[in-house]
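Here's the structure, in structure tokens; my notes come after.
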Amino acid sequence: MIRQMITALLCLMSMAVSAGDNLFVAEDVVWAKDGQCELVIGLTNEDDVSGMQFDLYLPDGITIQKNERGREVTQTTERLDKVSVICKHLEGNRYRFVIFSMRAKPLAGNSGALFSIPLEKTDAVKKGDYVARFTGINLSVVLDNKNTNCVVGPHELKIKVK
């Protein structure tokens, strides 16, 4: 009985605090023959956002470029000043991204690119359209001086290989 009352109270409290429009942005890309390709990850946010997490599923034969240490590469923009981006290859074509500030500092600005993800492809990837999927897109939104989880996904984009 007490557990049910606490659950009901928590539900009512979560309805009292509502987030504004916060939109995860990742647009379709074209991969020119023998060229390079980057996925640009952006955010249009009405609320202060202090972090983000999502999983990216890439098509077979497409991976994220790695640096000399064997870690996945990301290239941040000025919106991520003093904010960390961690990418971990989980399994198969699945990668987890965590974007956070150790001081819970909100991301700079309210629209535009946050970072890009340079991709590589094998020779097995032929001309055509491929789909990349983003799942579990969660934002840490600052409302009433408290961090609140805000789900804004899933999302898909097309990778057109020429």
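Structure data summary
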item: Criterion (under 21 Å from N149 (Cα atoms) and open to solvent by 50 Å² or more (accessible area, probe 1.4 Å)) met by exactly one of D123, D48; result: D48
item: The stretch 87-107 residues that are within 16 Å of G70 (Cα to Cα) and open to solvent by less than 70 Å² (accessible area, probe 1.4 Å), paired with ones that are in a loop (DSSP other than H, G, I, E, B) and β-branched (V, I, T) (beta carbon under 7 Å, 6 or more apart); result: C87/T74
item: Residue within the stretch 89-105 that is part of a strand (DSSP E or B) and small (G, A, S) present; result: no
item: Qualifying positions in the stretch 31-49 - polar (S, T, N, Q) and in contact with a Leu (Cβ under 7 Å, 6 or more places away or on another chain); result: T44
item: Residue selected from the stretch 34-45 under the condition under 21 Å from G153 (Cβ atoms) and not small (G, A, S), by the criterion surrounded by the most Cβ atoms within 10 Å (Cβ to Cβ); result: I41
item: Pairs where the first residue, in the stretch 20-41, is touching a residue at least 24 places away in the same chain (Cβ under 8 Å) and at negative phi and the second is open to solvent by less than 30 Å² (accessible area, probe 1.4 Å) and of a type in the set (F, W, Y), C-beta under 6 Å, 6+ apart; result: C37/W31; I41/F115
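Table: residues versus (1) among the polar types (S, T, N, Q); (2) farther than 30 Å from E46 by Cβ; (3) surrounded by fewer than 18 Cβ atoms within 10 Å (Cβ to Cβ); (4) modelled with pLDDT under 90.
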{"position": "D60", "(1), (2), (3), (4)": "no, yes, yes, no"}
{"position": "R71", "(1), (2), (3), (4)": "no, yes, yes, no"}
{"position": "T76", "(1), (2), (3), (4)": "yes, no, yes, no"}
{"position": "V83", "(1), (2), (3), (4)": "no, no, no, yes"}
{"position": "L114", "(1), (2), (3), (4)": "no, no, no, no"}
{"position": "N145", "(1), (2), (3), (4)": "yes, no, yes, yes"}
{"position": "T148", "(1), (2), (3), (4)": "yes, no, yes, yes"}
{"position": "K158", "(1), (2), (3), (4)": "no, no, yes, no"}
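The values are calculated or read from the model by the stated rules, or taken from the named source; none is laboratory data. Values in this document were obtained by computation on a predicted structure and should not be read as measured data. Here the Cβ is made from the backbone with ideal geometry for all residues, glycine too, and neighbour counts use every protein chain on show. These area figures cover heavy atoms from the full protein model, side chains too; ligands, DNA and RNA do not enter into them. Shrake-Rupley method; radii C 1.70, N 1.55, O 1.52, S 1.80 Å.
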